[in-house]
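K.L.:
Sharing a structure here in structure tokens format.
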Amino acid sequence: GFKKWITDHNLESQSLLITYKLDASSLEVIYENGSLKRCSTRGNGIIGEDITLNAMQITNLPKQISKSEKIIVRGEVLMHKDIFQNLYSKDYANPRNTAAGKIRDKKGGGRDCKNLKFYAFTMIGIDFSTYSDQLAELKNLGFEIPDYYIGDLNQIILRHQLITDQRQTLPYEIDGTVISVNDLAYLESLGSHN
């Protein structure tokens, strides 16, 4: 699978980026003139329900950013494992389902959303030459981002194994890893979507 994909697309010489595949719910947030305007769920590439009021209560989601143009940020909403264990494990099956339920929950004005975290991984509205530049800018604007690592094919394979071995020690649940070409123009030429 993976090695064949690398060979088929001539990626042996490319700088690759690996990050976590978060076990979480997709969220799209829109900023205009630096202010958070709208938050919506994203399912199967379709804009979902408006959950702005709930998402505004996620403490690590920036309400203001230092960009005036219209910016769309995509990321994942999740619940850290310790919060789940301490507050929700008696009533819910796992952190993912709890977070997915709480982000949509209208009861109590969505007050449980303060126990959720947002991790950003894509920004639309500004052009970047590399995926790592995009992640660095998200971090610079005040977003939390998943850890990432850049390297050649062998380094990325080693990092994938390390992440797999250490996944229990992470503060949140992951489904595995996402490996991408760091050069966004090259990535686009492959017809991939991030």
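The values are calculated or read from the model by the stated rules, or taken from the named source; none is laboratory data. Fair warning: this is a prediction, and the values are worked out from it, not measured in the lab. Cβ placement follows ideal geometry from the backbone for every residue including glycine, while neighbour counts extend to all protein chains displayed. Only protein heavy atoms, including side chains, enter the accessible area calculation; ligands, DNA and RNA are left aside. Shrake-Rupley method; radii C 1.70, N 1.55, O 1.52, S 1.80 Å.
K.L.:
Cut-off under 17 Å on the C-alpha distance; same-chain residues fewer than 8 positions from LYS70 excluded. Which lysines are left, in chain and number order?
P.N.:
Partners found: LYS37.
K.L.:
In vacuo Debye scattering of the range 58-156, one point per C-alpha: log10 I(q)/I(0) at q = 0.10, 0.14, 0.16 Å⁻¹?
P.N.:
For the requested q values the scattering log ratios are -0.36, -0.65, -0.79.
K.L.:
Residue by residue through the range 23-34, what is 3J(HN,Hα) from phi via Karplus (6.51 cos²θ - 1.76 cosθ + 1.60, θ = phi - 60°)? Round to whole Hz and write x for glycine and proline.
P.N.:
Each residue of the range 23-34 in turn: 8, 8, 9, 6, 9, 10, 10, 10, 10, 10, 6, x Hz.
K.L.:
Just to confirm the number: angle between the C-alpha axis of helix 131-140 and the first principal axis of the chain, 0 to 90 degrees, nearest 10?
P.N.:
30
K.L.:
Could you work out how much longer the chain between SER89 and THR169 gets when fully extended? Use 0.36 nm per residue separation minus the Cα distance between them, nm to one decimal.
P.N.:
Working it through step by step, the gained length comes to 27.0 nm.
K.L.:
Rolling a 1.4 Å sphere over the protein heavy atoms, what is the accessible area per residue of the chain, to the nearest Å²? Before the final figure, lay out the partial values.
P.N.:
Values: 10280 Å² over 194 residues.
Result: 53 Å² of accessible area for each residue.
K.L.:
Sticking with this structure for a sec: What is the distance in Å between the Cα centroid of the range 124-194 and that of the range 37-116?
P.N.:
Between the Cα centres of the range 124-194 and the range 37-116 lies a distance of 21 Å.
K.L.:
Moving on to the next point. Report, ordered by chain and residue number, the aspartates and glutamates lying within cross-link reach of LYS81, taken as a straight Cα distance under 16 Å and ignoring same-chain residues fewer than 8 apart.
P.N.:
Here the aspartates and glutamates satisfying the reach criterion relative to LYS81 are ASP23, ASP91, ASP112, GLU173, ASP175.
K.L.:
Ignoring ligands and nucleic acids, what accessible area does TYR172 show with a 1.4 Å probe (Å², nearest 10)?
P.N.:
Number for this one is 10 Å².
K.L.:
If you don't mind, another one. Considering all projection directions equally, how large on average is the shadow of the alpha-carbon convex hull of the range 8-103, in square nanometres?
P.N.:
Seen from a random direction, the Cα hull of the range 8-103 projects 9.1 nm² on average.
K.L.:
Moving on to the next point. With everything on Cα atoms, drop me the angle between helix 153-166 and the longest principal axis of the chain, reported from 0 to 90° to the nearest 10.
P.N.:
That helix lies at roughly 30 degrees to the long axis.
K.L.:
Still on this structure, please answer the following. Once you have the Cα-Cα distance between LYS81 and ARG38, take 0.36 nm times their residue separation minus that, and quote the gain in nm to one decimal.
P.N.:
The span from LYS81 to ARG38 would gain 12.8 nm if fully extended.
K.L.:
Would you mind working out the magnitude of the charge dipole of the range 110-194 relative to its Cα centre, with +1 at each Lys and Arg C-beta and -1 at each Asp and Glu C-beta, to the nearest 20 Debye?
P.N.:
So the dipole magnitude of the range 110-194 works out to roughly 360 debye.
K.L.:
Using the alpha carbon gyration tensor of the range 1-58, what are the three equivalent-ellipsoid semi-axes (square root of 5 times each eigenvalue), largest first, in whole Å?
P.N.:
35, 14, 11
K.L.:
Return the long-range amide H neighbours of LEU116 (sequence gap of 5 or more, or a different chain), with a cut-off of under 5 Å between placed amide H atoms.
P.N.:
Correct list: THR59.
K.L.:
With a point put 7 Å past each Cα toward its Cβ, work out how far LYS63 is from PHE128 in nm, to one decimal.
P.N.:
2.6
K.L.:
Which percent of the accessible area of the range 1-157 is formed by carbon and sulfur heavy atoms (probe 1.4 angstrom)?
P.N.:
C and S atoms contribute 48 percent here.
K.L.:
At each listed q (0.11, 0.18 Å⁻¹), what is the log10 of I(q)/I(0) that the Debye formula gives for the chain modelled as equal alpha-carbon point scatterers?
P.N.:
Evaluating at q = 0.11, 0.18 Å⁻¹ gives log10 I(q)/I(0) of -0.54, -1.27.
K.L.:
Let me ask something else. Only Lys, Arg, Asp and Glu count, each charged at its Cβ (+1, +1, -1, -1), so figure out the dipole size of the range 29-188 about its Cα centre, rounded to 20 debye.
P.N.:
Computed about the Cα centre, the dipole is about 840 debye.
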